[in-house]
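See below for the structure under consideration.
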């Protein structure tokens, strides 16, 4: 992670989860994320491997020139990379956060790089069935949010299990409750 938005969201998520694999959805407090709220989204699995936007911040909707409520996450990506929904479902199933680096393209030929983070959330029964995430451009461009993105192309994806271990070490040094890192099977995200 290189961007303030994704780092801030990951740190918040990690603090909320404590010793759990993921925080409860009800623990997420939007007022604590007010500085990045417009760049946040929430996804939910409505059927196996069909992941849709439950909520999308105004900046994200402006980036794509439309309201994303109810749209599938796959609908944002270029044809040939329809595995993003499967990857998002895997993030929920295995409760492992993931980070995507992607390039967004407009019909006018503009392009911009983005960092996208997916963080699992638990329901009251303890099952991860939602994702909290953020989309952040790596640079500012005058056309962003004015000329809508047509699609994203995946440049790189990775699981953030190593960062979970670093968070655990930080907690041990500060005397906070230790975080257990559970090794889970690898996901096979779409590779661009």
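Just so you know, all these numbers are worked out from the coordinates, no wet-lab data involved. Since the model is a prediction, treat every value here as computed from it, not as a measurement. Note: ideal-geometry Cβ built from the backbone for every residue, glycine included; neighbour counts use all protein chains shown.
From least to most packed, judged by other beta carbons within 10 angstrom and beginning with the fewest, 142, 39, 75 follow the order 142, 75, 39. Simple spin-label estimate for residue 111 and residue 143 gives 1.2 nm between the two label positions (7 Å along the Cα-to-Cβ direction from each Cα). Cβ-to-Cβ counts within 10 Å put 155, 129 in ascending order as 155, 129, the fewest first. Placing a label point 7 Å from the Cα of residue 62 along the Cα-to-Cβ direction, the residues of the range 3-26 whose backbone N falls under 17 Å of that point are 5.
When 130, 86 are sorted by how many other C-beta atoms sit within 10 angstrom of their C-beta, beginning with the fewest, the order is 86, 130.
Stretched out straight at 0.36 nm per residue, the stretch from residue 4 to residue 19 would grow longer than its current Cα-Cα span by 3.0 nm. Taken as Cα centroids, the range 118-139 and the range 50-88 sit 13 Å apart, rounded to the nearest whole angstrom.
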